[in-house]
Amino acid sequence: MKKLNVLIIADKQDMESLDINKQSDRWNVYWEILHYDEIYNKIESLKKTIVFRKIHFVVFSRNDQVGKLTSIGPVISALKVGYTTISGIDQQKRVEQMCQCFLDFMEGDTVLPFDDETQKKSPLPYKPKGTFSLVFDTEQLGGVRYGIPRIFKVLNIYGIKATFFITNLMQWIYPGIVDKIVSKGHEIGIHGRYHEYLSTSDERKQCQIIEETLDDFKGYSVFGANFIGRMDEATLASLTQNGIKYFVYPLIHDYATLGFRKYSTLNTVISVNRHNLIMVPISVETYGLPWIMIRGMLESVLKELKKNEYKHLTILLHPFRDGNISHIGVLEKIIKFLYNNDLISLPIADKISAHNAQHNADCATDINVARAKRKLFQFPMSLTDIKYAPVGIGIKMIQRVRPNTTVF
């Protein structure tokens, strides 16, 4: 692999513990040292550096879970560039963990030890009434090194098989992590080489990027992708051309005086250049929310599920957040809550493999939709946005997925 150009954006306080002179055989490393309190004022300057240095991705010294909780999401969105962090994930040990992640990043090829001790499994619901999928977006070093081992233990206790969307960068730094995920019965999906934006490239380039992304997953079954906020209409054709069967997108359950807004939790099949692609809605997200609000979202979705034959919900989590000391207990609460409501877990691919788009007379009438505007595939996006887009060429919504059929 050729050396990539990397910009480390480090807080001045963190530089007391990081070695700016350390060399790497893997990356061409450039530094931007600033106070994170002022990072939003530096966005234009950072953009110029990224262009001048031909930066492939940026590395933050801390994320928004530790330190002063400065949100890096708006910075990433403004820069439109790939990213990761070397941030620690536990507030009390964040500096120690950051230093270890920095070494991992600079040296690479770090094989992580995992505790494979068999845990006693919690009993499953006696008469399950539906299913759920836990999805873990995996793109930060601390999430892999410190979060995933804790998450594995919880998932093992409850017999959970989840879906991990992981960047190639995590494989480059931690070889064996994908093997470990798959060996435990979990599904893997693509999340970009280094969490880059596809929407800044044309269809030909996007197709090439996805092909390169999949090269690192040869030998594994990969059906799904997560490019939430980083894709556009060209991405759909690029996914189907590379054999991807589904992608996830966010539903919005806004918290309001009377509760959460309700949106359909059904999967949707769209036709892209005569190839079917499944849109899988993320019904619940844990990011930045306390348990009481997460529970409110879960309750809202469960009410919606009672209206449908298709009783399934998908929950988005992040190892660097949901695997930290402060939040790992919430993961267990989520699982217990869903078990208590008689739902059992399975990876997304296992769920949609039990359904098929039967495009015949008994299906919903075709709904022609436009080649969606780029903003359509950036957060937030709902099925309503697609349904009422101006009529055009390229994308067609076939039907809501029906029970007891097969997609692939």
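The values are calculated or read from the model by the stated rules, or taken from the named source; none is laboratory data. Model, not experiment: these values are computed from the prediction. Note that each Cβ is placed from the backbone with ideal geometry, even for glycine, and that neighbours are counted across all protein chains shown.
Taking segment 217-241, which residues are surrounded by fewer than 19 Cβ atoms within 10 Å (Cβ to Cβ), farther than 26 Å from Tyr287 by Cβ and either of a type outside the set (D, E, K, R) or touching a helix residue (DSSP H, G or I) at 6+ places or on another chain (Cβ under 9 Å) (or both)? Once the filter is applied, which keeps residues that are surrounded by fewer than 19 Cβ atoms within 10 Å (Cβ to Cβ), farther than 26 Å from Tyr287 by Cβ and either of a type outside the set (D, E, K, R) or touching a helix residue (DSSP H, G or I) at 6+ places or on another chain (Cβ under 9 Å) (or both), segment 217-241 yields Gly219, Tyr220, Ser221, Gln241. The one condition from (1) more than 25 Å from the chain's Cα centre (by Cα); (2) surrounded by 13 or more Cβ atoms within 10 Å (Cβ to Cβ); (3) acidic (Asp, Glu) that Glu38 does not meet is (2).
What about Lys153, is it in a helix (DSSP H, G or I) and within 22 Å of the chain's Cα centre (by Cα)? Spell out how you get there, then give the answer.
On the way: in a helix (DSSP H, G or I): yes; within 22 Å of the chain's Cα centre (by Cα): yes.
For Lys153, the condition - in a helix (DSSP H, G or I) and within 22 Å of the chain's Cα centre (by Cα) - is met.
From the list Val95, Val66, Val29, Val75, the one residue that fits, being hydrophobic (A, V, I, L, M, F, W, C), closer than 21 Å to Ile173 by Cβ and within 24 Å of the chain's Cα centre (by Cα), is Val66.
For Gly224, the stated conditions hold: it is of a type outside the set (Lys, Arg), modelled with pLDDT of 95 or more, within 15 Å of the chain's Cα centre (by Cα) and not in a helix (DSSP H, G or I). Among the residues making up segment 317-353, a single one is of a type outside the set (D, E, K, R) and touching a His at 6+ places or on another chain (Cβ under 7 Å): Pro347. Can you name every residue in segment 189-201 that is surrounded by 17 or more Cβ atoms within 10 Å (Cβ to Cβ) and assigned to a loop (DSSP other than H, G, I, E, B)? The answer is His191, Gly192, Arg193, Tyr194, His195, Glu196, Tyr197, Leu198, Ser199, Ser201. Looking only at segment 92-130, residues that are surrounded by fewer than 17 Cβ atoms within 10 Å (Cβ to Cβ), under 24 Å from Leu155 (Cβ atoms) and at pLDDT 80 or above come to 7 in all.
Being under 26 Å from Asn273 (Cα atoms), of a type in the set (Lys, Arg) and part of a helix (DSSP H, G or I) narrows it down to one residue among Arg204, Arg230; which is it?
Selected residue: Arg204, the only one of Arg204, Arg230 that is under 26 Å from Asn273 (Cα atoms), of a type in the set (Lys, Arg) and part of a helix (DSSP H, G or I).
With respect to Gln171, determine if the residue is surrounded by fewer than 17 Cβ atoms within 10 Å (Cβ to Cβ), modelled with pLDDT of 95 or more and assigned by TED's automatic domain parsing to the domain that holds Glu332. So Gln171 fails the test. Restricting the first member to segment 258-273 and to residues that are in the same structural domain as Thr235 (by TED's automatic domain parsing), and the second to residues that are assigned to a loop (DSSP other than H, G, I, E, B) and modelled with pLDDT of 60 or more, the beta-carbon pairs closer than 7 Å and six or more apart or on different chains are Arg261/Ile252; Tyr263/Leu251; Tyr263/Ile252; Thr265/Ser283; Thr265/Asn308; Leu266/Asn308; Leu266/Tyr310.
Among the residues of segment 233-247, the ones that are touching an Asp or Glu at 6+ places or on another chain (Cβ under 9 Å) and in a strand (DSSP E or B) come to 0 in all.
Taken over segment 55-89, the criterion of being surrounded by fewer than 19 Cβ atoms within 10 Å (Cβ to Cβ) and of a type in the set (D, E, K, R) is satisfied by Lys68, Lys80. Scanning segment 278-315 for residues that are of a type in the set (A, V, I, L, M, F, W, C) and either touching a Cys at 6+ places or on another chain (Cβ under 7 Å) or not in a strand (DSSP E or B) (or both) returns Leu289, Trp291, Ile292, Met293, Ile294, Met297, Leu298, Val301, Leu302, Leu305.
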